Amino acid sequence: MRILSAVGMSCALAFSGSALASDKPIVVKFSHVVADKTPKGQGALKFKEVAEKLLPGKVEVQVFPSSQLFGDGKELEALLLGDVQIIAPSLSKFDRYTKKVQLFDLPFLFDDMEAVDRFQQSDKGKELLNSMRNRGLQGLAYWHNGMKQLSTNKDTLQRPEDAKGLKFRIQASDVLESQFRALGANPQKLSFSEVYQALQTGVVDGQENTWSNIYSQKFHEVQKNIAETNHGVIDYMVVTNAKWWDGLPADVREGLQQAMDEATKFANEEAAKLNEQDKQNIIADNKAKVVQLSKEDVEAWRKTMEPVWKKFEGDIGADLIKAAQEANQ
Ligand code: LMR
């Protein structure tokens, strides 16, 4: 009798335990490499806020900024292993998973962020969100950061010749490597979290990034010049593990997609504001000089970087490049 009731008791406990377990919210870890006060940082926090409001008690979103959980080198792997559920790498960091997304790294491809946006919202742009499903990655959205500027620790940075022989930190992208080789410079692939120190110690002379990344990482404090080249774009693809996403209860998946749509709208509006603000902050700080380029200067940079396009046309696809160009109106 005593044995029977002990069995009954443990069954009841096991049952209530499993009921409790299924009542627990689904934990969604969102890891990224930039600071909170950046377009991506703000987007991630907005996603948490909206997702938890739409799915109360059903999901808990944990945001890990500034490479706290995983840095550049590891975050895609961690996503595929299920150690994190959402990440938003820059479009330059998908090299190993698809050659098509390298499109976004072609120098001087887009005239401005409006053109980038038009392309991302086009059929061809949206197709790219699904282009890595065979590698286990599902794209959920594009998020903007902004146009890239070029900085160095040298006294002059006006013409492409000024970059010759210098060492530049680049993101892990073969297109960007080729872009700096076209300038006669030496590119070095480094994780985002390593850039400040590499600039400070002179391991590299310069780098390319958006105003918001330059300011939030204090790169302007260890550089002499930042030329307003607008020669390329840093944007993001928010990606999840396709298997995890497909396996979510339908109501949760729909709620998370809705939260993602709202966060995307918010992040993209913030991106333009934050980049403009941070450009002004850098000017006001007066540590690095912001160099304005003439039309002729910009044309010289464009011409020097042009050979990169031909080199990667086969990998990326001429049709995709054409579609992107058509987004410039
Ligand atoms: C970089 O590595 O410079 C950027 O991609 C960082 C980021 O996520 O904006």
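A short reminder: the numbers here are calculations on the coordinates, not readings from a lab. Please read all numbers here as calculations on a predicted model, not as lab measurements. Quick reminder, even Gly has a Cβ in these numbers, built from the backbone with ideal geometry, and neighbours come from all protein chains shown.
Please give the FRET efficiency for ASN134 paired with LYS74, using the beta carbon to beta carbon distance and R0 = 22 Å, rounded to the nearest 0.05. List each step's numbers first, then the result.
On the way: r = 22 Å, r/R0 = 0.98.
Calculated transfer efficiency: 0.50.
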Once amide H atoms are placed 1.01 Å from N in the peptide plane, what residues at a sequence separation of 5 or more from PHE64, or on another chain, have their amide H within under 5 Å of its amide H?
-> PHE30, SER31, HIS32
Pick from GLN197, GLN158, GLN149: which is most flexible by mean-square fluctuation in a GNM of the chain where alpha carbon atoms under 10 Å apart are linked?
-> GLN197
What are the residues whose amide H is under 5 Å from the amide H of ILE26, where those residues sit 5 or more places off or on another chain and H is modelled from the backbone?
-> VAL59, GLU60
Mean-square fluctuation maximum in Gaussian network of the chain, Cα pairs under 10 Å, restricted to ALA35, ALA182, ALA250, hits ALA250
Write out the trypsin sites (Lys or Arg not before Pro) in the stretch 127-233 meeting two conditions: DSSP loop, and at most 13 other Cβ atoms within 10 Å of their Cβ.
-> LYS164
Among ASP315, ASP123, ASP95, whose mean-square fluctuation peaks in a Gaussian network model of the chain (Cα, cutoff 10 Å)?
-> ASP123
Counting only residues 5 or more places away or on other chains, whose amide H sits under 5 Å from the amide H of ALA185 once H atoms are built in the peptide plane?
-> GLY165
Based on DSSP H runs of at least 4 residues, each adding -39500 (n - 2.57), what is the mean residue ellipticity at 222 nm of the chain after dividing by all its residues, to the nearest 500 deg cm²/dmol?
-> -14500 deg cm²/dmol
A correct Karplus calculation of ³J(HN,Hα) over the stretch 174-188, with 6.51 cos²θ - 1.76 cosθ + 1.60, θ = phi - 60°, whole Hz and x for Gly and Pro, returns 5, 5, 5, 4, 5, 4, 6, 5, 4, 7, x, 9, 10, x, 9
Step through the residues of the stretch 317-328 one at a time and calculate ³J(HN,Hα) from phi using the Karplus curve (6.51 cos²θ - 1.76 cosθ + 1.60, θ = phi - 60°), rounding each to whole Hz and writing x for Gly and Pro.
-> x, 4, 5, 5, 4, 5, 4, 5, 4, 5, 6, 7
For the chain, the longest principal axis of the Cα atoms and the Cα long axis of helix 307-316 enclose an angle in degrees, to the nearest 10, of 30
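Between GLN257 and ASP111, how high is the FRET efficiency from 1/(1 + (r/R0)^6) when r is the Cβ-Cβ distance and R₀ = 35 Å? Nearest 0.05. Show your work: numbers first, answer last.
Values: r = 31 Å, r/R0 = 0.88.
About 0.70, to the nearest 0.05.
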Which distance in nm do the two modelled labels at VAL203 and ASN286 give, with both placed 7 Å along the Cα-to-Cβ direction?
-> 3.2
Once every Cα of the stretch 175-329 carries one equal point scatterer and solvent is ignored, give the base-10 log of I(q)/I(0) from the Debye formula at q = 0.11, 0.19, 0.20 Å⁻¹, two decimals.
-> -0.63, -1.35, -1.38
Treating every alpha carbon of the stretch 96-235 as one equal point scatterer without solvent, the Debye formula yields log10 I(q)/I(0) values at q = 0.13, 0.14 Å⁻¹ of -0.59, -0.68
Could you tell me the distance between the Cα centroids of the stretch 233-270 and the stretch 90-107, to the nearest Å?
-> 20
Using θ = phi - 60° and the Karplus curve 6.51 cos²θ - 1.76 cosθ + 1.60, what whole-Hz ³J(HN,Hα) does each residue of the stretch 206-215 get, with Gly and Pro shown as x?
-> x, 6, 10, 6, 7, 4, 5, 5, 4, 6
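Once the Cα gyration tensor of the chain is diagonalised, what are the square roots of 5 times its eigenvalues, in whole Å and ordered largest first, as equivalent ellipsoid semi-axes?
Numbers: eigenvalues 357, 90, 62 Å².
One finds semi-axes of 42, 21, 18 Å for the chain.
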